[in-house]
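Below you'll find the structure, written out as structure tokens, and then a few comments.
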Amino acid sequence: MSAIQIENLVCDYGGGKGVFDISFQVKRGEAFGFLGPNGAGKTTTIRHLMGFLRPRSGSCVIEGLDCWKERDKVQARLGYIPGEISFFEDMTGREFLKFITRYRGIGDRSRQEELLERFELDPGNRIKKMSKGMKQKLGIVAAFMHDPDILILDEPTSGLDPLMQSRFIDLVGEEKKKGKTILMSSHMFEEVERTCDRIGIIRKGKMVAVDAADALRERHTRTYTVTLADQASAEAFALDFGGRLSGLQVTVTARQSLEQIFMNYYGGEEHAEQGAV
């Protein structure tokens, strides 16, 4: 059964901006990667799931709850990292986490402390004096510390250094093994490839692909047959490129990375979106 279900969602800002009749589902216990350049509609979709925006038409449902009409119940069940995190800047990180603890009614703080240690975050500093990376870590702790069954993560590693990005990927992998449902928007192809079972690609507000990661790669696999001049050249070519040798012909299978697959949908465009997914 689907934990997250979006059907025919429309939000038209005008000028070709928004989302247009998009539909996809995220199954319980599945990690779903949501890819698309800036302005493609990822964050707009996520804001509908969080109940921050009312659909022009269509619906967003999480665990049977309408994301707009029952947004309080929906938000209580989720762990959420927004694309642009806003804090009470005059609070310390510790004060902010205490506020979230009271809001969510968390009794046991051991999970919070484990996350602070994992991401090497001292929450004693005032938030307004924190770096972008420190604020991102604070947002991660706040999203995960109540052990939610569903996680909605919008560019969750923005501002993190490579070590912390790796630790975050490990954390998501652990949550996935526990059976958590995860929807993750990201511009980091590696973290999507390492953590997600299925992938959706959105382009100009429309879904252009939704499939299992392996199925996407299979669909974009290319096979080439090369004929060489002599047997020695054919054997050397087959050895170098891992091809199948048949006489003077070598058959080579070229498998594309997720980044290459993504660029198949966006390649050739002159866009300000390029390079930022």
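The values are calculated or read from the model by the stated rules, or taken from the named source; none is laboratory data. Note that the structure is predicted; figures quoted are calculated from it, not measured. Glycine also receives a Cβ, built like all others from the backbone with ideal geometry; neighbour counts cover every protein chain displayed. Note: accessible area is taken over every heavy atom of the protein model, side chains too, but ligands, DNA and RNA are not part of it. Shrake-Rupley method; radii C 1.70, N 1.55, O 1.52, S 1.80 Å.
Whether any residue in segment 165-175 is modelled with pLDDT under 90, of a type in the set (A, V, I, L, M, F, W, C) and out of contact with any strand residue (DSSP E or B) (no Cβ under 7 Å at 6 or more places or on another chain) is what I want to check. So far as segment 165-175 goes, no, none of its residues is modelled with pLDDT under 90, of a type in the set (A, V, I, L, M, F, W, C) and out of contact with any strand residue (DSSP E or B) (no Cβ under 7 Å at 6 or more places or on another chain). Restricting attention to segment 190-208 and to residues that are open to solvent by 10 Å² or more (accessible area, probe 1.4 Å) and in a strand (DSSP E or B), the residue that is nearest to residue 18 (Cα to Cα) turns out to be 206. Within segment 127-140, the set of residues being surrounded by 13 or more Cβ atoms within 10 Å (Cβ to Cβ) and more than 15 Å from residue 174 (Cα to Cα) comprises 127, 130, 133, 134, 135, 136, 137, 138, 139.
Quick one: in segment 1-46, of everything that is in a strand (DSSP E or B) and among the hydroxyl-bearing types (Ser, Thr, Tyr), which residue is farthest from residue 79 (Cα to Cα)?
The qualifying residue farthest from residue 79 (Cα to Cα) is 13.
Only residues that are open to solvent by 40 Å² or more (accessible area, probe 1.4 Å) and closer than 16 Å to residue 166 by Cα were counted in segment 103-126, giving 3. The number of residues in segment 62-83 being closer than 29 Å to residue 115 by Cβ and either touching a Lys or Arg at 6+ places or on another chain (Cβ under 9 Å) or of a type in the set (A, V, I, L, M) (or both) comes to 10.
For segment 124-144, residues that are at pLDDT 95 or above and part of a loop (DSSP other than H, G, I, E, B) total 0.
Within segment 14-25, none of the residues are buried (at least 21 other Cβ atoms within 10 Å of the Cβ) and within 29 Å of residue 147 (Cβ to Cβ). Taking segment 53-93 as the range and being touching a Gly at 6+ places or on another chain (Cβ under 6 Å), within 21 Å of residue 147 (Cα to Cα) and of a type outside the set (Lys, Arg) as the test, the residues that pass are 67, 74, 81, 85. I need every pair where a residue in segment 148-167 that is part of a helix (DSSP H, G or I) has its Cβ under 9 Å from the Cβ of a residue that is among the aromatic types (Phe, Trp, Tyr), sequence separation at least 6 or different chains. Going by the 9 Å Cβ cut-off, the qualifying pairs are 164/119; 167/119.
Look at (1) part of a loop (DSSP other than H, G, I, E, B); (2) within 30 Å of residue 58 (Cα to Cα) and you find that residue 74 fails only one, number (1). So which residues in segment 209-235 are at pLDDT 75 or above and not in a strand (DSSP E or B), if there are any at all? Listed by number, the residues that qualify are 228, 229, 230, 231, 232, 233, 234, 235.
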